[in-house]
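Step one of this worksheet: look at the structure below.
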Amino acid sequence: MLSHHEQRELERIQDWFEHDDPHLARALGEVGSVGGLARSRTLRYAIDALAIGLIILGAMTLNFGLIFFGAVCLAAAACLHVTRWSETTPRHRRLE
């Protein structure tokens, strides 16, 4: 937990950023801001399908490299789903 003095200094710095460079302050204050392509629901499902396809193909051909790469893709897809990179607009965060 921050002391009263530290909190006041952080608020002063934040106010200075918002006054001096509002675009930078807005970019730093966005929570959950993600690039446009990474937000795509279709991309997330395509990565799921690719990962499952690689695992099935690797199991059919007994190619453990494909199985491993499919598992890595599946883990990346799970991260995309869990972090909920969605089409919602990012919130602006203010120091508390």
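The values are calculated or read from the model by the stated rules, or taken from the named source; none is laboratory data. Since this is a predicted model, take the numbers as computed values, not measurements. Glycine gets a Cβ as well: all are built from the backbone with ideal geometry, and neighbour counts include every protein chain shown.
Please list, ordered by first then second residue, the pairs with beta carbon atoms under 8 Å, 6 or more apart or interchain, first in region 11-25 and touching a residue at least 60 places away in the same chain (Cβ under 8 Å), second exposed (fewer than 10 other Cβ atoms within 10 Å of the Cβ) and of a type in the set (Gly, Ala, Ser).
Close Cβ pairs (under 8 Å, with a partner that is exposed (fewer than 10 other Cβ atoms within 10 Å of the Cβ) and of a type in the set (Gly, Ala, Ser)) do not exist here.
Checking Leu43 against (1) more than 17 Å from His81 (Cβ to Cβ); (2) within 24 Å of the chain's Cα centre (by Cα); (3) in a helix (DSSP H, G or I); (4) at pLDDT below 85: exactly one of these is not met. Which one?
The one condition Leu43 does not meet is (1).
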